[in-house]
Amino acid sequence: MDDKSGQPGQPMQAFGQPQPGYQSQPQPGYGQPPQAYGQPQPGYGQPQPGYGQPQPGYGQPPAPPGYAGGQPIMGQPGVPGALPGQPAPTQWMPAPQSIPGCPPGLEYLTQIDQLLVHQQVELFEVFTNWETSNRYQVKNSVGQQIYFAHEESDVCQRQCCGPQRGFTMHITDNMQQEVIRVSREFKCCAGCCWCANVDCCGFEVAVEAPVGQVVGYVRQAQSGWSPHYDILNANREPVLKIRGPCCVCQGACCTWDQNFNVMSTDLANEVGKVSKQWSGFVKEIYTNADNFGVSFPTDLDVKVKATLLGAVFLIDFMFFEQPKNNNNH
């Protein structure tokens, strides 16, 4: 049978075989066929050391500002959730290890010699003249919050009796556990320094730490003019004394600190101070939000330190709540 090529009697070549007349070798000048894909071409040599690996120093991309180890640093600028112009989240003082013989929650006080007490501004009270419960932030000298204090009191007493009201101040730590409680009974006609030696005429707060266990008292003492206080232990024995200024300035023009000196029982040595600090013209005029500082020796008994914190609230209610409450009513 003749094939279509015109060559009679010759079968067709197998598919894929070279046709007659074609050379099996490549044409001169074409060289060798290309190497398998992925192999380096002849003459190119070996790839450079480290080729294809990350350049030294690149590593992981840098963390954005306000982050460390992939976690946000609370209180730092640039942390998500902190809007521009808004205060940074509160920084709490790290909780110390428990100490044998120290009331739970007072371990914070073993490490410090100063407390800053900031009363919070109550906008509802500013705009409505409705007396609300006081709230305070208690911080250390570097601004880390240690405690939060909030007042519990009767609504009618707050509106009708103002700073004369009885109250219970609940002081909690960063775990929202109440570690200190400061309480004062309501006394209708108390506060006069001339009659403070009479129980019904002298203000007093009791300090409990933990709740249910009294560690000290702050009692108003009799005096001729300047405010006097006695710091008592749980057995009502004098431990320290507080002597205030002869004239407690309560106006917005009093831009200096009002110092209540903490003295030894014999009044020979000054061991600390409770200071009402200038809060600014607007806060002094329109709010009752006050700032206080408390200083004491680092090695002072933590129970006495907690009692001095209770003295801040007594002094605030007796001298620095009165002008605002008079304005409100």
Practice problem: With θ set to phi - 60°, apply the Karplus curve 6.51 cos²θ - 1.76 cosθ + 1.60 along region 218-231 and write out the HN-Hα couplings as whole Hz, x wherever there is a Gly or Pro. | Solution: 10, 10, 5, 9, 5, 7, x, 8, 6, x, 10, 9, 10, 9
Quiz item: Once amide H atoms are placed 1.01 Å from N in the peptide plane, what residues at a sequence separation of 5 or more from V271, or on another chain, have their amide H within under 5 Å of its amide H?
Solution: V262, M263, S264
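Which of the residue pairs K139/K187; K276/K303; K187/K303 have a Cα-Cα distance greater than 24 Å in the structure shown?
Violating the 24 Å limit, Cα to Cα: K139/K187; K187/K303.
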Quiz item: How would you order 189-198, 224-233, 211-220 from highest to lowest mean count of nearby Cβ atoms within 10 Å?
Solution: 211-220, 224-233, 189-198
Quiz item: At Q176 and T110, where each label point lies 7 Å from the Cα along Cα→Cβ, what is the point-to-point distance in nanometres?
Solution: 2.7 nm
Practice problem: Please give the net charge around C161, taking every other residue with its beta carbon less than 13 angstrom from that of C161, where Lys and Arg add +1 and Asp and Glu add -1. | Solution: 0
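Pulled fully out, how much extra length does the chain show between L267 and C156, if you take 0.36 nm times their separation in residues and subtract their Cα-Cα distance?
Answer, rounded to one decimal: 35.9 nm.
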Quiz prompt | Stretchable slack from C195 to S141, in nm (0.36 nm times residue separation minus alpha-carbon distance) | solution = 15.7 nm
Quiz prompt | Local electrostatic count, F317, Cβ distance below 10 Å [Lys/Arg +1, Asp/Glu -1] | solution = -1
Quiz prompt | Formal net charge of residues neighbouring A306 (Cβ-Cβ distance under 13 Å; K, R +1; D, E -1) | solution = -2
Self-check item: Average Cα contact separation per residue, region 100-220, under 8 Å, 6 or more apart, as relative contact order %
Solution: 17 percent
Quiz item: Using alpha carbon centroids, what distance separates region 102-172 and region 189-245, in Å?
Solution: 19 Å
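Computed from the coordinates by the stated procedures, all read-outs in this text should not be read as laboratory data. Keep in mind the model is a prediction, meaning the values are calculated, not measured. Counting neighbours? That spans all protein chains shown, and the Cβs are built from the backbone with ideal geometry, glycine included.
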